[in-house]
Amino acid sequence: MLNFIRRRTLAFLPVALLAGAALPAAAQSYPTKPVRLVVGFAPGGSTDKLARVLAQRMTELLGQSVVIDNRPGAAGNIAAETVAAAAPDGYTLFLGTVSSQAINPHLYPKLRFDPVKSFEPVALVAKYPLLLVVAPQLQVSTVQELVAYAKANPGKTYFASSGSGSPAHLAGEIFRAGASIDASHVPYKGGGPAMLALMSNEVQFGFETIPSAIGHARSGKLKGLAVTSGARSSASPELPTMQDAGIKGFPVTSWAGLLAPAGTPKDVLAKLSEATKSALASPALRATLAADGAEPGGGTPAEFASFMSDELKAWGAVVKNAGVKVD
């Protein structure tokens, strides 16, 4: 009798093993190994800082390390291409930004990724206003005084940005058009060099994300005039918005959100979405974002997809109206 039971058990064993093997990887206890979060900018910038704060909290929630992989270059395109070509298994994620998902598709004619079709939305992580800053040597203290200065110095007023086609550049173009001023754009290789150029009075004004610029403004190395968001920033509540200053075309915000390669299993996306939601609800993380003037994101993947669709259209119009081109 025991031999009969043993033979029956062994007969069913291969079937059971096959059934287990047939289960999708996503149905297992994801994640079972470290997760790579690809960032399209160098360490130290506002996007990298956001990624590291998020990764720390996600590591705690997922029970596996979330490791930052910086792939700077081409305004985030290199990182986007890397993730678009990665295996859709949930172990390679992308902190996409307004540049990679909404601006670059209108600037680069031969991208090796599609901002919509190449990715699965997980969640909007944060929105960042930009800060309008001027050289401390410039004798202006308000947006209207800067406008008056530019109109009194046509062809002699320059604004810096972190690169052609960046949110900082396009904010400058919106300001130039909305205030009807004659100001020339000077692109630099990143926000850091742009801020240094402002400090040395090589250029007269510029826009930069609050996390990158607020320290310089607080120390007096730069002078903050206004924020580009629809409401005043918690990081600089004393500064008005560009709308308050009467400049057309605002508000404008930079943003970042979590994306996965297209085809990532739905249950993996659901787990990532829930973990991101929990991370963004953390008081410590929210306090860190607020100190940098950032607004935490959240919402469902569908809401993030709708948001990105709207942003893609809106920034396309800005690029077209400004006549911006990237060689």
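The values are calculated or read from the model by the stated rules, or taken from the named source; none is laboratory data. The structure presented is a predicted model; accordingly, all values stated were derived computationally and were not measured. Don't worry about glycine lacking a Cβ; one is built from the backbone with ideal geometry, like all the others, and counts go over all protein chains shown. Just so you know, the surface numbers come from the protein's heavy atoms only, side chains and all, with ligands and any DNA or RNA stripped out. Shrake-Rupley method; radii C 1.70, N 1.55, O 1.52, S 1.80 Å.
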Are there any pairs with C-beta distances below 6 angstrom linking a residue in segment 107-122 that is within 18 Å of Ser166 (Cβ to Cβ) to a residue that is among the β-branched types (Val, Ile, Thr), with the two at least 6 apart or on different chains, and if so which?
Leu107/Val326
Of the residues Thr47, Thr59, only one is hydroxyl-bearing (Ser, Thr, Tyr) and more than 21 Å from Lys266 (Cα to Cα); which?
Thr47
Of these, Pro72, Pro88, which one is at pLDDT below 95, part of a loop (DSSP other than H, G, I, E, B) and open to solvent by 50 Å² or more (accessible area, probe 1.4 Å)?
Pro72
Can Ser100 be described as of a type in the set (S, T, N, Q) and assigned to a loop (DSSP other than H, G, I, E, B)?
no
Tell me which residues, restricted to segment 193-227, are surrounded by fewer than 16 Cβ atoms within 10 Å (Cβ to Cβ), part of a helix (DSSP H, G or I) and among the small types (Gly, Ala, Ser).
Gly215, Ser219
Which count do you get for residues in segment 95-112 that are crowded, with 24+ Cβ neighbours inside 10 Å and either β-branched (Val, Ile, Thr) or over 22 Å from Ala281 (Cβ atoms) (or both)?
8
Within segment 141-151, can one find any residue that is open to solvent by less than 10 Å² (accessible area, probe 1.4 Å), within 27 Å of Met199 (Cβ to Cβ), among the aromatic types (Phe, Trp, Tyr) and over 15 Å from the mean Cα position of the chain (by Cα)?
no
Can you run down the residue pairs with Cβ atoms below 7 Å, 6 or more apart or on separate chains, where the first is in segment 129-157 and of a type in the set (Gly, Ala, Ser) and the partner is open to solvent by less than 10 Å² (accessible area, probe 1.4 Å) and part of a loop (DSSP other than H, G, I, E, B)?
Ala150/Thr157; Ala150/Ala183
Pick from segment 292-319 the residues that are among the charged types (D, E, K, R) and either under 30 Å from Pro237 (Cβ atoms) or touching a helix residue (DSSP H, G or I) at 6+ places or on another chain (Cβ under 7 Å) (or both): which of them is surrounded by the fewest Cβ atoms within 10 Å (Cβ to Cβ)?
Asp310
Scan (1) in a helix (DSSP H, G or I); (2) at pLDDT 95 or above for the single condition Thr264 breaks and write down its number.
(1)
Quick one: Ser234 ticks every box in (1) open to solvent by less than 40 Å² (accessible area, probe 1.4 Å); (2) of a type outside the set (A, V, I, L, M); (3) at pLDDT below 95 except a single one, so which number is it?
(1)
Would you confirm whether or not segment 257-265 contains a residue that is surrounded by 16 or more Cβ atoms within 10 Å (Cβ to Cβ), under 30 Å from Arg218 (Cα atoms) and hydrophobic (A, V, I, L, M, F, W, C)?
no
Filter result for the condition that a residue is crowded, with 20+ Cβ neighbours inside 10 Å, out of contact with any Phe, Trp or Tyr (no Cβ under 9 Å at 6 or more places or on another chain), at pLDDT 95 or above and under 13 Å from Leu93 (Cα atoms), over Leu37, Leu54:
Leu54
Members of segment 278-291 found to be among the small types (Gly, Ala, Ser), assigned to a helix (DSSP H, G or I) and either touching a strand residue (DSSP E or B) at 6+ places or on another chain (Cβ under 8 Å) or open to solvent by less than 50 Å² (accessible area, probe 1.4 Å) (or both), listed by number
Ser278, Ala279, Ala290
